[in-house]
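The values are calculated or read from the model by the stated rules, or taken from the named source; none is laboratory data. Since the model is a prediction, treat every value here as computed from it, not as a measurement. A quick note on method: Cβ atoms are made from the backbone with ideal geometry, for glycine too, and the neighbour counts reach across all protein chains shown. Heads up: the accessible areas ignore ligands, DNA and RNA and are worked out on the full protein's heavy atoms, side chains in. Shrake-Rupley method; radii C 1.70, N 1.55, O 1.52, S 1.80 Å.
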Amino acid sequence: LAQSLFALFASSLAISLVFAIIPLCHNVVVLAVVMAVAGLAMGCIDTISNMQLVKIYQKDSAIFLQALHFFVGFGALLSPLIADPFLSDTNCILSNATANASSNLPHIRKSLVPHHPGNLSHYDLPMKGMVVTRVSYAFWIMALINVSVGAVRAVAGTSPCFLALQTPLVFGDVSHQLLSADELAMETRPAEKDDLSTTVQRPPQTARGHDDLFSCCQSKNFRGASYTYFAVHITGALVLFMTDGIVGEYSGFIYSYAVEEPLSVVHKVAGYLPSLFWGFITLGRLISIPVSYRMKPATMVFINVVGVLVTFLLLLIFSYSVVFLFVGTACLGLFLSSTFPSLLAYTEDILQYKGCATTVLVTGAGIGEMVLQLLVGSIIHDQGSYSFLVCGMIFGGLAFTFYAFLLFFHRMYPKPSSDMDAASPDKPAVMDDTGLYQR
């Protein structure tokens, strides 16, 4: 946990430095390098924060994961609002041709459609002159926010609560020793009482090979694992590959889809669709915090994937309705909102909360968000805007199919047993209802 907290602090510091440097980049290669560093740091934060919540809270991790991803969505909704006051309404560079360039901006926006993304050569935009944009302040504000978050993490690392989280099993042992009233009632059965005391006081065993950050990559931890152990990892990652990919491609291309025929939505109105989508993702994650306390993660994921599939089907049926486009966008945001944390909690519950599944699932989700955007962009460019909804329908169907396979492999996955081999990656040490540690 200490290593993870330090990694989170270093990643926050790296993002702050990147945000401070971006306004100073005058070369696209330098900008690409610093953006790559920011991507690595954000991936580190995403993976470690999810993994540690799972390992610390285990059965209760679903609620904390929902809260974590609510703030992810809240940040995605808040960040554009921070940048908006610093964005220029006209061209960012002043020159003699500024007036002509400003008058051409509406025509340029209308030309930014998937079929002709680079056909802007006939517009004369000034590339040299005095820069008048203030967007640098937005990056510096975000850099300060990240520095403050990193400072909070550094302070938390020395707090008593942090020290308690480092040894949760020790405190669990102490509490069971102090509150073990049943042992006192067994005074008349000394032999059994001695056996119980010996069992309780035995230090809990920990699965070998899971003591460091790179334990998931060690092949010795997979020896003797059943095929369902790997199948659960793969199917879970494929579900998130599809659902997180839908989040990326829908938020990235819904504006382009709306402004084209047959809808031909006004550009300013179409600009509200991505904000509406992320707003309902944030709202859905907020609602999911109390819901996850009452509902099992598996049930929540089932509702999510079915809801995504039905929403895309209705969007295809009512593809000529602007009103339903807004309604469908809101519904899609709600159904996609809790898919990631719910599936993460469900998969880790199957695999006994070792944290290795978290790395696989986060990686699958990130790859899906990247690949599906590229794929959908190419398809829209070749086939037209209607293929945008068709792609979403296909991805939703694949997500539902992969989730059905995950449920199947869960049923095939071996149940926890006290006589399992201590070195098996399928069965780490767990604590039963009586407070005794077993395998």
Query raised in the report: Taking the condition modelled with pLDDT under 80, over 20 Å from ASN146 (Cβ atoms) and basic (Lys, Arg), does LYS55 pass?
Result: no
Requested in this report: Give the residue that is farthest from the chain's Cα centre (by Cα), with candidates limited to residues of the stretch 263-307 that are open to solvent by 70 Å² or more (accessible area, probe 1.4 Å) and of a type outside the set (A, V, I, L, M).
Outcome: LYS268
Query raised in the report: Among the residues of the stretch 334-357, is any in contact (Cβ under 8 Å) with a residue 60 or more places away in the chain and open to solvent by 40 Å² or more (accessible area, probe 1.4 Å)?
Result: yes
